[in-house]
Structures are given as C-alpha cells and as structure tokens.
Amino acid sequence: MKDTLITLPRNLKRVLLILIDVVSLWAALWIALIIRSDQFFIPMDGYELTKAQPSELFEVFILTTIITIPILIFSRLYRSITRYITLETYVKIAKACVTAGIIWSLIVYALNYPIPRTASISYILLSTMFVFITRFSARAFLLPKLLGQRKNILIYGDINSASRMIELLKNDLLSNTVGVISENNKLKKTKISEIPIYLKKDLKKIIPKKNIEEIIIILPKKSKSLLRELIQELEKYPVKLVKIPEIGQLTQGNLKLDDLKKINIEDLLGRDTVEPDAYLLNSCIENKVVLITGCGGSIGSEICRQIIKLNPKKLVLVEQSEFFLYDIDQNLADYRLKNKCTVPVSSYLGSVSDSDFINNIFKKEDIDTVYHAAAHKHVPLVEHNPLAAIRTNIFGTYTVADAAYKNNVSNFVLISSDKAVRPTNVMGATKRFAELILQSLQDLVDSMPSNKCKTKFCMVRFGNVLDTSGSVIPLFRKQIDSGGPVTVTDSKVIRYFMTITEATELVIQAGSLSEGGDVFLLEMGEPIYVLDLAKEMIRLSGNEIKSHDNPDGNIEIIFTGLRDGEKLYEELLIGETVNKTIHTHIMRANEEKLSYEKITYFLEQFKELSSQSSTSSIQKILYEAVDGYEPYINNNVVKIN
C-alpha cells in the first residue's frame, strides 16, 4: 500500500490530502463542541445551543472547509512532499491554521451562529494539531525504512556553532545527532539542546559504542592545522568526516545541509590561511600591462585568474599549446562577461625560446611586469628529453628576460622550483641555471646608471602545488577512481605541498617585494610523506587500503621505486643564509651567483648541443654550469668525468 501511495499521480495525492484535511477540520470542530458541552453528542437544546438547528451546524462545519482549505492552498502546503516535510513546513501549517481559525471565528460570530467562544479557541488549537498529526503520521508511514537507516552523527566544534548545527540537523531525516565533542573539560556530562556533550578524549569509546558513522567538524576558517590534527586522530576509526566550508554561513543562518563538504586533500596540509596583503598584491599589477608566459599551465592559468581581478591595465598571454591558450583565453572571456570587466587581453601562440616571436611582443606591448611560468617541469619526461628542457627552461628564460631587460620592464618574476636546490635531475638543473641567468642580468642592471635601466629580476622558489599537472594528487585520484592500485615510488619519499591559490597569491606578492636579484622562498609548512598522502586519499574517497593486515580492502598501494632524477626529499635553500621579509610566508635567500660572462659562455656550450648529443655530454655541461648538480639514476649518483 505504501508503494502504491508513493506512486500515485501528484494531483491525486493533493486531492487525497485535501480530503484528509477536511475530515481533520471537521473532527477538530466536533471535538471542540463536545468538550464545551461535556457530552459525546452535541445537544440541540443545551446551553447556548438551544437556537441552533442542524442546518446551522452544518453551515458552521462547511465554513471550516471554505475558509481553511484555500488558506492552506495559498500557503503552498499542498506542494510540499509529505514524506520530506521539515520544521519550516510545520511553522507554515501553524500560521495557516491559526489564521484560518481566527477568520472562521470572526465570521461565525458576525453571522450570529450560536457557537461558544471557548469552543472557537479549542477548535483553533485542535485543527492545528490535527493537521500536524496527519503530516507527521504520513511521513512516519511512508518512510519507516528510511528512518531506520539514519546515520549517527557527532558534532565537533564550539558550543554556539554546535547548537545551530543541531537545530539544522533536526530537519534531516537521515541524520541522528548523538552528541557534541568539546575540548572544554567543564562541559563534561552536560547537554546542549538535550544532546549530550563529550570530551575529545572520549572519542575512542563513543565512536564504537554509539556506532558513529559521521563527524561534522566546525572550525574557524584559519584553523587548518587543528583540522589536520583531528584527521590524524580519527584516521583509525571507520567514520566519515565532513566540514562546514565557512563558519560565517552557520553563524549567519545561511547554511544548508547541501553545503556540508567532505574533508579534502587540501585539509591534510595543515596550513592555516594567511590573508594576502592588498598592497603587495596590487603593487606590480594595478594599472600595469602584465605579461604571463606559460599562461595555459596549472600555475600560469591561476596567475591569470588572480591578476585579472586586480585591475591591470592589460593582460598579455603567451603559450605554445593552442589548446591551453584557447582554454585560458575563454576562461578569462567568461570572467570579463560575468563581472563586466573591461581589462583587455591579448593572446600570443608561440614558444618562449623563439627570440623573434618574443621580441615582437615586447615591441608591440608596453609591458610593465612579467610573470615567467613557461617551463618543462615533469621530472621523468624531462630526464629523457633534456634538450627540450634546455630549450625552454634555459633559452626560453634567457630570451624573455633579455627582452625585458632591453625594454626596461619594471618587474620580472620567474616561477622556480625546490628541485633547483642541489638538483639531481635535468629539470632541477635547468631551473637553477634559469635562476642564475636572472641574477647575472640583475648584476648588469645594477652596474648601469639608474636612469638607464630599472628592471628588477627575482625568482620565487616553492615545492609541490596540489592538483597541478605535475602533482601526484591527480595521479592518485585517477588511480583510486579506476580501482587501484595506487603507485608510490618509495615509502620514505617526503614532499612540501601547498594549494595552487595560495602559491599564486604568494608569487604575485613576492614580485612586489623584489629589490632586484632576489631568490624568494615560500614558507611551505611541514613536509608530508607521499605514502601518508596516498593512504588519506584512499580513506577520504570511502575506500579501504588492501594490505596484509586488511586483505578485504579494495585499494592496494604498491611501491615502484624512485624514478630517474628523483630524490627522497626536496629542499628550498642552497646555502644557510635566509632573511625574513615583511610577509610571514615569504623569505629571501642569499646565494652564490655566476657572472654574465660565465652565463654567456655556458649558453654557447648549450647551443652546440643537438639531437645527436649524448646524455652524458648534456649532463657534463649542466654539471659545470650548476653548482651542486649530481645526476641521480636508479638510486645512484652518476659520476661526471
């Protein structure tokens, strides 16, 4: 019968519900009159009813229908799906029934029907209660299985936020709030909204005892480190973790159940958010023509999206991939259309190593600031295609930087890498040489009179960025989605990570801090074992790790061994000297440089390389040019003769 009712046409369901409401209203009036007369049957010759005829009583009953049902329809209560009604619906029912009851009473007394006033009050209360009961009974009848599947939930957060969350969850048919977790020892054995409060140390007992399936975490926006600690504490329990995306939504009453979010991989970084400095963000951007090379890559495209919001005079995009250039160009076009942005954008398709192409751009565009993100950065691919890296990472950087120098561009920012520090691979060595190119050009600038050239070159060095094309995160996610296995090179591999938004914001701000020739290091937080990252991604995806101890798991982790040129850990600093800047997350390093003459000497050496050149000859030039470079193949350092 339940399935039949659920599958009835919508209009037929509404008619059925209206008929039930009519019966409920009549029953409410009948009982109200019985209570007043103190008899089961309404007497025709009793107190205050002596003049009432059966026809008059019938008219009074008809009035309840004529008045109340249209008001319920006007309140759109017959459009609510009965088995999913919430507290808001009950509030609307109460308002509609009380309003209808008052109107009915006024009409009854205006027409001099012999109905006691006390009966009117009873009718208003009973009619509201009966309409409540019909909805509640229908929901209980239609959803017994669903109610039996309610998940037990704990709320972790401060008392005020937890109280608001409890009220929100009362309308969720699938959730049963079991308790609130607090770190305040004084709140032990107390209750909030009749929900018991437990201490954090009680989690080990409460989770299995109460069969907890989900924990909702409510934390301040800047407490990601606390969130990471909590995730690590709960990783041994088979519970789902969700978070409030923005605490302000909850305190302002704007949160919906759909707004609850799963814990994502960014939350595992444990990096508390630092608001960007508005002055540093705008200094090199506002009312300036900004060139971004490699604009279609992960970092380059995010820099474009950030810069267009900072009111530049113009954006100039350079990208060698037609698809990537089209994608970011359309992305920015959509942004301009939606936000009525008038910033012009010029897009150029070509390679940064093409000097004619680059010099032509600098002649056509009056460029003020350059963000040079174009690079080959995939370590294994670059290791087997070193000439491509030399052409883009070295000659591409030199070509763009030299054009900036000759055209007196104000600021030039190179997007570098932690792999440039004591590199063990071609990618890192070429990025380090790119840094040396800029430092040598800065020395040239500094040696000139101040009115000749004002270009300030700097480079920003940081570690892995989540969800970029070179990150392990997209690889792990793809492997998990396909059922595994997840591949980790080595159990001891450790890396620094940050989000792409934070990285690009810091890059833009670092450019404003430049004094010329600076090597900026981004504060990357605590390093994370890649193996731990893989485990957490598997767990957060709702899967279990298959291992010797857990053969029933569904995702296996296998170790593939370090790839050519890969290190167990990365560094950000070559020497020992590092200075703070006015930004807490940006530091300035003092490192050894090469003279411009030395740079030009090695550039000539690189020019002589061809597709016929051996890997060892390429490595030998890099070894001579980049101090600290030691090729690393098959877990062994390669000796350069």
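The values are calculated or read from the model by the stated rules, or taken from the named source; none is laboratory data. Just so you know, these numbers come straight off a predicted model, no measurement behind them. Cβ placement follows ideal geometry from the backbone for every residue including glycine, while neighbour counts extend to all protein chains displayed.
Check region 497-511 and report whether any residue there is surrounded by 19 or more Cβ atoms within 10 Å (Cβ to Cβ), in a strand (DSSP E or B), touching a strand residue (DSSP E or B) at 6+ places or on another chain (Cβ under 7 Å) and not polar (S, T, N, Q). Yes. Of the residues screened, Asp334 is not one that is free of Cβ contacts under 8 Å to residues at least 24 places away in the same chain, surrounded by 15 or more Cβ atoms within 10 Å (Cβ to Cβ) and either assigned by TED's automatic domain parsing to the domain that holds Ile415 or in contact with a Gly (Cβ under 8 Å, 6 or more places away or on another chain) (or both).
Checked against the criterion of being in contact with a Lys or Arg (Cβ under 6 Å, 6 or more places away or on another chain) and closer than 26 Å to Ile586 by Cα, the candidates Ala420, Ala375 yield just one match: Ala420.
Residues in region 455-495 that are outside any helix (DSSP H, G or I) and farther than 25 Å from His585 by Cβ: Thr455, Ser482, Gly483, Gly484, Pro485, Val486, Thr487, Val488, Thr489, Asp490, Ser491, Lys492. Scan region 513-546 for residues that are outside the structural domain of Arg588 (by TED's automatic domain parsing) and among the hydroxyl-bearing types (Ser, Thr, Tyr) and the total you get is 2. Of the residues making up region 283-298, those that are part of a loop (DSSP other than H, G, I, E, B) and either touching a Gly at 6+ places or on another chain (Cβ under 6 Å) or closer than 19 Å to Glu505 by Cβ (or both) are Cys284, Ile285, Lys288, Gly294, Cys295, Gly297. Of all residue pairs spaced 6 or more apart or on separate chains, those with beta-carbon atoms under 6 Å, a first member in region 491-503 that is among the β-branched types (Val, Ile, Thr) and a second member that is in a strand (DSSP E or B) and at pLDDT below 80 are Ile494/Tyr569; Ile500/Val465. Only residues that are surrounded by fewer than 19 Cβ atoms within 10 Å (Cβ to Cβ), under 43 Å from the mean Cα position of the chain (by Cα) and more than 16 Å from Ala27 (Cα to Cα) were counted in region 93-138, giving 5. Does Arg432 satisfy the condition of being touching a residue at least 12 places away in the same chain (Cβ under 8 Å) and in a helix (DSSP H, G or I)? Spelling it out, Arg432 is indeed touching a residue at least 12 places away in the same chain (Cβ under 8 Å) and in a helix (DSSP H, G or I).
Just checking, does region 358-376 include any residue being aromatic (Phe, Trp, Tyr), buried (at least 16 other Cβ atoms within 10 Å of the Cβ) and not in a helix (DSSP H, G or I)? Taking every residue of region 358-376 in turn, at least one turns out to be aromatic (Phe, Trp, Tyr), buried (at least 16 other Cβ atoms within 10 Å of the Cβ) and not in a helix (DSSP H, G or I). As a summary of the residue check, Asn554 satisfies the conditions (1) modelled with pLDDT of 80 or more; (2) surrounded by 15 or more Cβ atoms within 10 Å (Cβ to Cβ) except for the one numbered (2). Of Ser410, Ser416, Ser450, Ser440, all but one fail to be at pLDDT 90 or above and more than 37 Å from the chain's Cα centre (by Cα); the exception is Ser440.
Screening the candidates Lys364, Lys377 for the property of being among the basic types (Lys, Arg), in contact with a Gly (Cβ under 7 Å, 6 or more places away or on another chain) and either over 18 Å from Gly517 (Cα atoms) or assigned by TED's automatic domain parsing to the domain that holds Lys431 (or both) yields one hit, Lys377. Among the residues making up region 316-349, those that are assigned to a strand (DSSP E or B) and touching an Asp or Glu at 6+ places or on another chain (Cβ under 8 Å) are Val316, Leu317, Val345, Ser346, Ser347, Tyr348, Leu349. Does Thr504 satisfy being of a type in the set (Ser, Thr, Tyr), within 20 Å of Thr369 (Cα to Cα) and under 21 Å from the mean Cα position of the chain (by Cα)? Against the criterion (of a type in the set (Ser, Thr, Tyr), within 20 Å of Thr369 (Cα to Cα) and under 21 Å from the mean Cα position of the chain (by Cα)), Thr504 qualifies.
Within region 101-108, one or more residues are at pLDDT 80 or above and either touching a Gly at 6+ places or on another chain (Cβ under 9 Å) or of a type in the set (S, T, N, Q) (or both). Taken over region 596-608, the criterion of being within 13 Å of Ala434 (Cα to Cα) and polar (S, T, N, Q) is satisfied by Thr600 alone.
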